[in-house]
C-alpha cells in the first residue's frame, strides 16, 4: 500500500451558501490524499501503473468550476470523479479550504475533510 498526496492546489471559484459568495467568488485550497497499491508502479517506473498527478489536478479543477453551496458537496464530487477514473484506489480523502469565510469575524480559512474508503 502507498499514499499519494497533492497538497495546496489553489483555485478561485464561485461557491458558497450565500448568493453573494457565488457572485463575488473566493480563493480555495484543495488537498488530496489517495491510498492505493503502488507495487506495480514501484517496480515498473511507468506512469500508466500509478495515479497521474496531472490528471488528478485536472479532475479537481473541473469540479471546482461547478458552483456549489457546500464544501462537502464539492469534496464528494471530486471523490466520485477520482474513484471513477482510478477504480484501483482503496481510499480517497479530500480537504477543501475556503479563505476568509463569512463568519462574522476574523477567520483565515474554513476547512472540510471527507474520507471515503472503497
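Please treat every number below as a calculation from the coordinates, not as lab data. A quick note: this is a predicted structure, and the numbers were derived from the prediction, not measured.
Worth pointing out:
- Kirkwood Rh and Cα Rg combined as Rg over Rh, evaluated for the range 36-86: 1.10
- At 1.567 mPa s and 4 °C, Stokes diffusion of the range 29-118 via Kirkwood alpha-carbon radius, µm² per second: 91
- Centre-to-centre separation between the Cα atoms of the range 54-93 and those of the range 1-32: 11 Å.
- Relative to the longest principal axis of the Cα atoms of the chain, helix 53-64 runs at roughly 30 degrees.
- Choice from 37, 19, 45 with maximal GNM fluctuation in the chain (Cα, 10 Å cutoff): 45
- Counting only alpha carbon atoms, the long axis of helix 71-85 and the longest principal axis of the chain meet at about 20°.
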